[in-house]
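This report concerns only the one structure given below.
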Amino acid sequence: DNQGEIVLALRAAGATVRIITQGDGIPDLLVGYNKHTVLMEVKDGEKVPSKQKLTPAEEKFHREWTGGTCVIVNSVESALQVLKDL
């Protein structure tokens with residue numbers, strides 16, 4: 001429910017964002033910022049913790065990913081913090 005808000009905030013901060021939600025555990029967003037590439041799985045921080053859990057396919061993807069940064073964000077603030085930490 002918060003993905004659109006997060007995408008708008010990331011873009012307003014200067015990031016390039018592509019929505020790549022396609023299932024099979026692949027994260028929701030491909031984000032480029034300051035010559036870095038980040039995969040972001042978006043969860044809704046307003047939902048109860050059990051509704052924010054990764055699916056088995058998402059867990060598998062995160063466990064097996066050997067590429068660049070791959071994170072889970074649950075709010076605009078957490079997504080923007082990822083950019084600051086790059």
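So G32 ticks every box in (1) in a helix (DSSP H, G or I); (2) open to solvent by less than 40 Å² (accessible area, probe 1.4 Å); (3) farther than 16 Å from E77 by Cα but one. Which box is left unticked?
(1)
Take the residues in the stretch 73-86 that are hydrophobic (A, V, I, L, M, F, W, C) and outside any strand (DSSP E or B); name whichever of them is farthest from D44 (Cα to Cα).
L86
Taking the stretch 7-29 as the search range and keeping residues that are open to solvent by less than 50 Å² (accessible area, probe 1.4 Å) and farther than 23 Å from G67 by Cα, which one is nearest to the chain's Cα centre (by Cα)?
Looking at residues that are open to solvent by less than 50 Å² (accessible area, probe 1.4 Å) and farther than 23 Å from G67 by Cα, I get A9.
Restricting the search to the stretch 73-86, which residues are under 11 Å from the mean Cα position of the chain (by Cα) and open to solvent by 60 Å² or more (accessible area, probe 1.4 Å)?
N74
Are there any pairs with C-beta distances below 9 angstrom linking a residue in the stretch 1-20 that is on the phi < 0 side of the Ramachandran plot to a residue that is hydroxyl-bearing (S, T, Y) and assigned to a helix (DSSP H, G or I), with the two at least 6 apart or on different chains, and if so which?
Every condition considered, the pairs that remain are I6/S78.
Counting only residues that are in a helix (DSSP H, G or I) and open to solvent by less than 90 Å² (accessible area, probe 1.4 Å), how many does the stretch 41-72 have?
Number satisfying all stated conditions: 6.
The values are calculated or read from the model by the stated rules, or taken from the named source; none is laboratory data. Note that the coordinates shown come from a computational prediction; the quantities given were computed from them, not determined experimentally. Quick reminder, even Gly has a Cβ in these numbers, built from the backbone with ideal geometry, and neighbours come from all protein chains shown. Protein only, heavy atoms only, side chains kept; ligands, DNA and RNA dropped before computing areas. Shrake-Rupley method; radii C 1.70, N 1.55, O 1.52, S 1.80 Å.
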